[in-house]
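What follows is a short report on a single structure.
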Amino acid sequence: MPASTDPIEPLEPIEQALAGLRHRIGRFTAAGELSPSAIPPLSLYRKHGPTEPVGGLYEPSICMVVQGAKRVILGSDVYVYDAQRYLITSTHLPTDFQIIEASPERPYLGLKLVLDLREVSQLMVDSHLPAPRANQGGRGMATGEMTLPLLQAFERLLDLLDEPQDLPILAPLIQREITYRLLVGDQGMRLRHIASMGSQGNQIARAIEWLKENFRQTLRIDELARQVDMSPSTLHHHFRAMTAMSPLQYQKWLRLHEARRLMLTENLDASTASFNVGYESPSQFSREYNRMFGAPPLRDISRLRRLVA
């Protein structure tokens with residue numbers, strides 16, 4: 001029987017770019033599930049099956065999935081992103097996240113590029129940026145529509161991993177282009193809001209930065225509000241709008257996750273870990289830990305160690 005002579009339909013440009021990124025990420029993650037790259041802000045990921053929800057702090061970044069899908073929960077908001085939509089985060093946000101679509105035949109493949117908000121601000125100052133597309137909502141996280149220029153920029157960035165001699169010069173230029181694409185994209189207003197000095201978004205970002213560095217200290221809302229030039233009520237309102245939690249809840253999240261890390265990786269007992277993160281009452285620590293993680297500290301850490309083993 002003669003071979004078929006039907007022409008092969010060419011891939012659409014976006015699908016072609018996604019296929020190129022799948023090939024690149026698959027090649028660079030062949031040795032493991034997480035691959036920190038020679039470009040420090042860039043990480044590549046592979047996973048061969050769905051995962052359980054895990055708590056973690058999303059940093060200012062763009063996250064892309066080129067195969068599979070991922071779910072992120074911020075407060076009561078749920079964000080699902082895949083090869084059609086990216087996730088953008090404009091400040092540090094406590095979340096729960098899980099991979100929801102992956103298999104050995106079609107593993108989850110994704111990447112994360114951490115954004116330098118100082119570079120975002122500088123680009124806004126140096127450039128006559130076109131007006132961003134309108135978007136709604138005050139959260140510091142959103143999904144955006146994948147575009148061909150954005151995908152092609154990431155293709156070029158990953159190609160540099162094979163050209164280490166070109167990284168110092170060309171990688172910052174391509175990262176700057178990616179930042180530009182985000183600023184003029186459908187979620188660009190979120191980045192502009194955070195990076196604009198004097199804006200409420202920038203003030204909340206400063207409050208978040210203070211909490212990250214000083215979560216062990218007693219939190220006094222009046223003092224924090226003065227530091228970021230806001231009234232306590234305005235701080236509370238806009239902080240919750242951006243992060244889906246109050247400043248006190250944000251501090252509690254940081255404390256409990258750090259205590260969990262100390263018990264799991266440094267073998268501290270619950271009482272010592274609680275004092276190290278700022279708790280004065282071990283019983284209060286145990287109650288709040290139980291509410292957040294669904295089990296008392298000892299039982300939770302034992303379960304995690306069994307999972308690791």
On Cα atoms only, tilt of 232-243 relative to the major axis of the chain in degrees: 40 degrees
So Asp96 and Ser283, fully extended at 0.36 nm per residue minus their Cα-Cα distance, gain in nm 64.8 nm
Listed highest first by mean packing, meaning other Cβ atoms within 10 Å per residue, what order do 218-229, 250-261 come in? 250-261, 218-229
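Hey, what did the chain get for relative contact order, percent, Cα under 8 Å, at least 6 apart?
This gives 14 percent for the chain.
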How far, in degrees from 0 to 90, does helix 117-126 lean away from the longest principal axis of the Cα atoms of the chain, to the nearest 10? 60 degrees
Charge context of Glu177, other residues only, Cβ under 13 angstrom, K/R +1, D/E -1: +1
Report which label in [x] 1.33; [y] 1.02; [z] 1.11 holds the value of Cα Rg over 2.2 N^0.38 Å derived from the coordinates of this structure. [z]
Helix 200-214: inclination vs the chain longest Cα principal axis, degrees, rounded to 10, gives 60 degrees
Run lengths n ≥ 4 of DSSP H only: what is the helix-derived mean residue ellipticity at 222 nm for the chain, with -39500 (n - 2.57) per run over all residues, to the nearest 500? -15000 deg cm²/dmol
For the pairs Lys70/Lys112; Lys47/Lys112; Lys47/Lys212, flag any whose C-alpha to C-alpha distance is greater than 22 Å. Lys47/Lys212
In nm, the gap between the two label points placed 7 Å beyond Cα toward Cβ at Asn290 and Leu307 is 2.0 nm
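Laboratory data are not the source of any read-out in this text; all were calculated from the coordinates shown. A quick note: this is a predicted structure, and the numbers were derived from the prediction, not measured. Cβ: placed from backbone, ideal geometry, glycine included. Neighbour counts: every protein chain shown.
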